[in-house]
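Chemist: The structure that follows is given in the form of C-alpha cells.
Each reported figure results from applying straightforward, stated rules to the coordinates on display, with no laboratory input. Treat the numbers as computed from the prediction; the structure is a model and nothing was measured.
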Amino acid sequence: MEEINRQLLAFGKQITAARKDYPYPAVIIDAPLLIESRLNEICDVVIAVLADAELRAARISIRDNISLQDAMLRINAQKDNNFYAEHADFLLYNGGDKNEVFLQTDLILQTIFENVSGV
C-alpha cells in the first residue's frame, strides 16, 4: 500500500507539472486510491464511481478468479461508498447498464465543462 501511495504521489507531481506546460482543458486520472493518497487535493473535480457491494464482489470474483466470499473480504477491507460520496464532487453509479453509465458520464462532463471555472 505504501508503495502504491508513493507512486501516486509521484504521479501527482507529474500531473501538476504537466498542467503548467500543456493547454489541455482537463486531465482525467483513474486512480482507485485517489482520495486515500490525497491525490484528490490537486484535482479541481472528483468523480466517484460507485456500485453495490454485491455487484462489485461478482465483478472481482470473475476478474480475479476468486470466490465471492474472498471478493467480499476485499470489499469489506476497503472504504465504503459513503466515504467516497463524501469526498467527491460528482457520483457515477455503475450498476451494470452501460448505456446508463454513458448517460451519467455525459451529464457529469457537461456540467463540469459548463460550470466549473478553471477547467
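Chemist: As a test of the formula, what do you get for the chain when each DSSP H run with n ≥ 4 contributes -39,500 (n - 2.57) and the sum is divided by the residue count, at 222 nm and rounded to the nearest 500 deg cm²/dmol? Each step should come with its number before you reach the end.
Modeler: Numbers: 5 runs with 65 residues, N = 119.
Calculated at 222 nm, the ellipticity per residue is -17500 deg cm²/dmol.
Chemist: Can you give the Rg/Rh ratio of the stretch 1-43, where Rg is from the C-alpha atoms and Rh is the Kirkwood radius?
Modeler: Values: Rg = 10.5 Å, Rh = 10.8 Å.
Computed over Cα atoms, the ratio is 0.98.
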